[in-house]
Every structure is written in C-alpha cells, then in structure tokens.
Amino acid sequence: MSKGRFGIHGGQYIPETLMNAVTEVEKAYFKYKDDPEFNRELTKLYNDYAGRPSRLYYAKRLTKELGGCKIYLKREDLNHTGSHKINNVIGQMLLAKRMGKTRVIAETGAGQHGVATATVAAMMGMECEIFMGREDTVRQALNVYRMKLLGAKVHAIDSGTATLKDAVTETFREWTKRIDDTHYVLGSVMGPYPFPQMVRDFQSVISREIKMQILEAEGKLPDAVLACVGGGSNAIGAFYHFIEDKGVRLIGCEAAGRGIDTFETAATVNTGRVGIFHGMKSYFCQDNYGQIAPVYSISAGLDYPGIGPEHAYLHDIKRAEYVPVTDDEAVNAFEYLSRIEGIIPAIESAHAVAHAMKLAPAMDKEQIMVINISGRGDKDCAAIARYRGEDIYE
Ligand SMILES: *Cc1c(COP(=O)(O)O)cnc(C)c1O
C-alpha cells in the first residue's frame, strides 16, 4: 500500500499552508515511534498517570441475562479522565514536546478529547486551547467547566451546525495561523496522514492488552470484538491486533440517530459515499451535490459525518462489519448495562452494548465476545434523563 493510504482511502488532502506542519509531525512520529526512550516514557505515563492497563472484566450477569456467548468488557472507562482518548493524547503530547512545541490546540465533540488534552497539557505545563461547537458547549456544559478548570481556553464555534465537524474545521484553520509553536492534537483516526496511522498506533494498546488478557483468562482468542465508531479511534484500537486473526469478527457500531432511513443519522458507512473532507479520502454523509450533510446522533462523540480511512478500507475488504444502532437502542443499552452490571457506560459505548444485546443471544455458549467500553457515562446522565422526560440539575 502506498504511503498514507488504506486502499483508496486516506491521503493528505490539505492546503499548502498546512503541508509543513503535517510533514513535521510525520518526521517526528517516524523518528520516535520505535525509539526505546520515547516508548519507555509513554508506557510510564500510560501506567502511572492514565492507570493502564485497563481491566478486562468478565460480565457474568450480562452473559447470563442475554443467554448466549461469554461477554467480556474492556474497561477503557476506568482510564484517567474517563475514556480511551487519553491514550492518544499522551502519545501526541510527548511528541509535541520533542518537536519543541509549547502550545497545543484540539477539537472536541462531547468534550472528552478536550478534557483529556487540557489534562495532559496541565500535567506537562503546556498552553492549551480547545475548539468546540457552540451546540456541544451547551450539551456538555460540565466538560467546558472542566477544561477551564484545567487551565485551557475554550472557543465556542458558531459556524455550520456548531458541532464536531465545525470544531475540526476551525482547529485546522487555527493551526495554519500558528504552526511554529503549536501542535494540533487531533482526537481520532482521521484527518491527513500521518494522523490516522499515528492515532491508531497510540490506541492499539487497547487490543494489545485485550489479547494478552483474554489468552490468560480463556486460553483462546475472542470470536467477536465490538466497539462504537465515531471517527473510529477506540474501535481501531480494539481491532488492530486482531486484524490478522481472521477468526475474530470485528464489528463497528455506528450512530444511526433516529434511523438510517431518516436524515437524522450519523451512520457513515451505512449511509455515506466516498468523498474528500478534513484532509482525507473516506466515506462521508453527503448530499446529492457532494456537500457534507448535517448529521445527528444523541451522542455528541459520534456526531461526525465521516469515518477514519482505515475503517473505510476494512469495510471495503470486508474484514470488519459496520452496523447501525439508533438513539433508542443506545439509551436502552445505557440503562441496561447500568442495572445489570453496575457499570454506567458512555452513551457512545452504549451503541456497542446495544448491538451486543442483539448478537450475543445468537452466539454459542463456548464463544467469547469482547465489548470495548470506550468511556464512562457520568457526563451523559443529565442528557439521558432529559431523553426520558426527566429534568435534573447538574
Ligand atoms: C470520543 C469518544 C468516542 C468516539 O470517538 P472514536 O474516535 O470513534 O473512538 C467514543 N466513545 C467515547 C467515550 C468518546 O469519548
């Protein structure tokens, strides 16, 4: 495969003004990715700061209730700041330091990536600015406060639908204005090369751990690995070390919103077409003229009109499956997992749980499924209460 490509997808579709910055990241990444000292530092922060390795928990009651295969939960929700995002942030921030940068910028949807970036910036003593759609600053007000508390400046974006895609656009724009001292900590496996590959490598710690943990617990590989897909970073992290193991089904769960037969959806593989946006070729939700379509999901973290190019490729070669999950199904799963296992998942992760609830009963008792719980659901409680018609004050 040629540089930066996943089949026909990926690439570097960026303005000339950004080329230097992106090339600098590419050079630094390839210089340090196999450097023993860099990796020692990375592992130390993963362990001591983020709390890795995250647990692989056998969900006994969930298994029994669904009455099919054995179900394990990969507990990325237990990481510091409450999601998988910190795996990528720690990696990119270490790299930014080595590139001599003193300021980082980042986009955020639900606020999880913004909080993770502001957190690590505080720990490393770097300046931090976060770009967030105004709509999302309202949906996730608590995370805005957290970022400010951590010392970051938060910019509310009014353009477009005032959600995640507009925040990404604005952060790229800001980067072109100031590249000398600034690194853009992109939050998912998207954007121009080398971001899809670099973010995947930092997140692949998830499947590296799952593999070791499941072999220790069960003496064999899982039959299926499920994860929710926004840009696709937690999913590719959970899939990566199983891609060569053809017996392991890899299932990405997309946010269908109100359904893939409506316009209020964010299910990119299921409703999108090949296009070019945010520096990459991949699948995007778009209108008949190729304009990026406004997307919708109850989950601010999955509310993105594209998908990372490696997922687009895994879909094309049929190595991974991408299934739609509606708001309703995700909310049910959010409540179900809370009740059955005492684990409140992020509404994003609940999309994977929802599909597991359909799939597990159809699998054999000896089979094993792993669900990646990408984050915890505390941030979503007020929104889900509202969805159920109950108003609570945070
Ligand atoms: C951001 C986020 C996602 C979606 O991003 P991916 O890059 O697709 O992983 C999913 N779950 C949680 C908890 C998140 O914070």
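The values are calculated or read from the model by the stated rules, or taken from the named source; none is laboratory data. Since we're looking at a predicted model, the values are computed, not measured. Heads up, the Cβs are rebuilt from the backbone with ideal geometry, glycines too, and the neighbour counts pull from every protein chain shown.
Only residues that are surrounded by 21 or more Cβ atoms within 10 Å (Cβ to Cβ) and away from the ligand (no atom under 14 Å from the Cβ): list them for the range 102-117, please.
Answer for the range 102-117, where residues must be surrounded by 21 or more Cβ atoms within 10 Å (Cβ to Cβ) and away from the ligand (no atom under 14 Å from the Cβ): V104, I105.
Only one of G247, G259, G231 is in contact (Cβ under 8 Å) with a residue 24 or more places away in the chain, closer than 19 Å to Y283 by Cα, more than 14 Å from the ligand (Cβ to nearest atom) and not in a helix (DSSP H, G or I). Can you tell me which?
G259
Limited to the range 360-394, what total is found for residues that are crowded, with 18+ Cβ neighbours inside 10 Å and under 25 Å from L56 (Cβ atoms)?
Within the range 360-394, residues that are crowded, with 18+ Cβ neighbours inside 10 Å and under 25 Å from L56 (Cβ atoms) number 14.
Which of the residues belonging to the range 307-330 are within 14 Å of R388 (Cβ to Cβ) and surrounded by fewer than 20 Cβ atoms within 10 Å (Cβ to Cβ)?
Scanning the range 307-330 gives a single hit, D328.
Within the range 17-76, which residues are among the basic types (K, R) and within 30 Å of R178 (Cβ to Cβ)?
Those that are among the basic types (K, R) and within 30 Å of R178 (Cβ to Cβ): K27, K31, K33.
Before we move on, is I317 out of contact with any strand residue (DSSP E or B) (no Cβ under 8 Å at 6 or more places or on another chain) and among the β-branched types (V, I, T)?
So I317 fits the description; yes.
Among residues belonging to the range 188-206 that are of a type in the set (F, W, Y) and part of a helix (DSSP H, G or I), point out the one that is farthest from N88 (Cα to Cα).
Within the range 188-206, the match that is farthest from N88 (Cα to Cα) is F195.
Take Y72 and tell me if it is under 23 Å from I236 (Cβ atoms) and touching a Pro at 6+ places or on another chain (Cβ under 6 Å).
Taking the combined requirement at face value, the residue does not satisfy it.
All but one of (1) away from the ligand (no atom under 16 Å from the Cβ); (2) buried (at least 21 other Cβ atoms within 10 Å of the Cβ) hold for L73; which doesn't?
Of everything listed in (1) away from the ligand (no atom under 16 Å from the Cβ); (2) buried (at least 21 other Cβ atoms within 10 Å of the Cβ), L73 misses just condition (1).
Taking the conditions exactly as written (free of Cβ contacts under 8 Å to residues at least 24 places away in the same chain and outside any loop (DSSP other than H, G, I, E, B)), does K318 satisfy them or not?
In short, no.
If a residue must be among the aliphatic types (A, V, I, L, M) and within 16 Å of G111 (Cα to Cα), how many such residues does the range 57-93 contain?
The number of residues fulfilling the criteria is 2.
Just give me the residues in the range 280-304 being crowded, with 24+ Cβ neighbours inside 10 Å, touching a residue at least 60 places away in the same chain (Cβ under 8 Å) and part of a loop (DSSP other than H, G, I, E, B), in sequence order.
V295, I298, S299, A300, G301, L302, D303, Y304 - these are the residues of the range 280-304 that are crowded, with 24+ Cβ neighbours inside 10 Å, touching a residue at least 60 places away in the same chain (Cβ under 8 Å) and part of a loop (DSSP other than H, G, I, E, B).
From the set of residues in the range 140-169 that are buried (at least 24 other Cβ atoms within 10 Å of the Cβ) and out of contact with any strand residue (DSSP E or B) (no Cβ under 7 Å at 6 or more places or on another chain), which is modelled with the lowest pLDDT?
Checking each candidate, the answer is Q140.
Within the range 373-394, how many residues are within 14 Å of H351 (Cβ to Cβ), of a type in the set (A, V, I, L, M, F, W, C) and assigned to a helix (DSSP H, G or I)?
Selection size over the range 373-394: 1.
Taking the residues in the range 332-359 that are without any contact (Cβ under 8 Å) to a residue 40 or more places away in the chain and assigned to a loop (DSSP other than H, G, I, E, B) as candidates, determine which candidate is surrounded by the fewest Cβ atoms within 10 Å (Cβ to Cβ).
Filtering the range 332-359 for residues that are without any contact (Cβ under 8 Å) to a residue 40 or more places away in the chain and assigned to a loop (DSSP other than H, G, I, E, B), the one surrounded by the fewest Cβ atoms within 10 Å (Cβ to Cβ) comes out as G342.
Across the range 262-279, which residue is surrounded by the fewest Cβ atoms within 10 Å (Cβ to Cβ) among those that are assigned to a strand (DSSP E or B) and in contact with a helix residue (DSSP H, G or I) (Cβ under 9 Å, 6 or more places away or on another chain)?
V274
Restricting attention to the range 207-224, which residues are more than 14 Å from E76 (Cα to Cα) and either within 16 Å of the ligand (Cβ to nearest atom) or in a loop (DSSP other than H, G, I, E, B) (or both)?
Those that are more than 14 Å from E76 (Cα to Cα) and either within 16 Å of the ligand (Cβ to nearest atom) or in a loop (DSSP other than H, G, I, E, B) (or both): G219, K220, L221, P222, D223.
Could you list, in sequence order, the residues of the range 121-159 that are in a loop (DSSP other than H, G, I, E, B) and more than 15 Å from the ligand (Cβ to nearest atom)?
Answer for the range 121-159, where residues must be in a loop (DSSP other than H, G, I, E, B) and more than 15 Å from the ligand (Cβ to nearest atom): G125, M126, L150, G151, A152, D158, S159.
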